[in-house]
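Note sheet for the following structure.
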Amino acid sequence: MAQEQRQQQRRGRRRRTMRREKPEFENRLLDLARVTRVVKGGRRFSFRATVVIGDRKGRVGVGVAKGTDVSSAMQKAMNDAKKHMITVPITNGTIPHDVIIKHGSARIMLKPAPAGRGVIAGGAVRTIVDLAGVRDIVTKSLGTSNKLNVARATCAALEQLKKA
């Protein structure tokens, strides 16, 4: 056995284990839109990405950015989301109190729920509260269905929460 290991070392075939680091934040693409700019030669296309990042421990952020291709737009949006991180006070897996907020044409209502109820939310609100680490919550999105406005309104509502 020892002789075999020495031979492998001499040949340079020693087995190395690659350890991948776990990323600090989980990210989800909320919206991807192709936007057009009209220039002298015709139309110029770019992509607008809306990304939500969170650590499921109370920190979450929404970022928006444009790029010439999808991957650059997503990378820029992730950097923007890191700049706009908020901390959500979570008590027993839910939020401490009710909150209703209007941001633009989006109205968001968030209510705490008893343990075991789950995340009752749809679309952008569900993604944000899920990545924030909230396990039990009841939400309602009123007004617009625009994902970006709903995401910004949700972040504003979560920002208004105060620790019990």
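The values are calculated or read from the model by the stated rules, or taken from the named source; none is laboratory data. These numbers were taken from a predicted model, which means no experiment stands behind them. Cβ atoms come from the backbone with ideal geometry, glycine included; neighbour counts cover every protein chain shown.
Quick notes on this structure:
- Among (1) surrounded by 17 or more Cβ atoms within 10 Å (Cβ to Cβ); (2) in the same structural domain as LEU30 (by TED's automatic domain parsing) - the single one ASP69 does not satisfy: (1)
- Which listed residue, of LYS83, LYS76, is within 13 Å of LEU29 (Cα to Cα), modelled with pLDDT of 95 or more, among the charged types (D, E, K, R) and under 16 Å from the mean Cα position of the chain (by Cα): LYS76
- Taken as a whole, region 11-32 holds at least one residue that is modelled with pLDDT under 85 and among the small types (Gly, Ala, Ser).
- Of the residues in region 115-124, at least one is free of Cβ contacts under 8 Å to residues at least 40 places away in the same chain, assigned to a helix (DSSP H, G or I) and not aromatic (Phe, Trp, Tyr).
- Residue in region 47-69 that is within 23 Å of GLY123 (Cβ to Cβ), touching a helix residue (DSSP H, G or I) at 6+ places or on another chain (Cβ under 7 Å), assigned to a loop (DSSP other than H, G, I, E, B) and not small (Gly, Ala, Ser) present: yes
- Subset tally (residues that are closer than 16 Å to THR154 by Cα and not β-branched (Val, Ile, Thr)) for region 57-78: 4
- ARG37 vs. criteria out of contact with any Leu (no Cβ under 6 Å at 6 or more places or on another chain), modelled with pLDDT under 95, among the charged types (D, E, K, R) and more than 17 Å from VAL134 (Cα to Cα): yes
- Some residue of region 96-114 being more than 17 Å from the chain's Cα centre (by Cα), without any contact (Cβ under 8 Å) to a residue 24 or more places away in the chain and not assigned by TED's automatic domain parsing to the domain that holds THR36: yes
- Scanning region 122-147 for residues that are within 18 Å of ALA33 (Cβ to Cβ) and within 12 Å of the chain's Cα centre (by Cα) yields ALA124, THR127.
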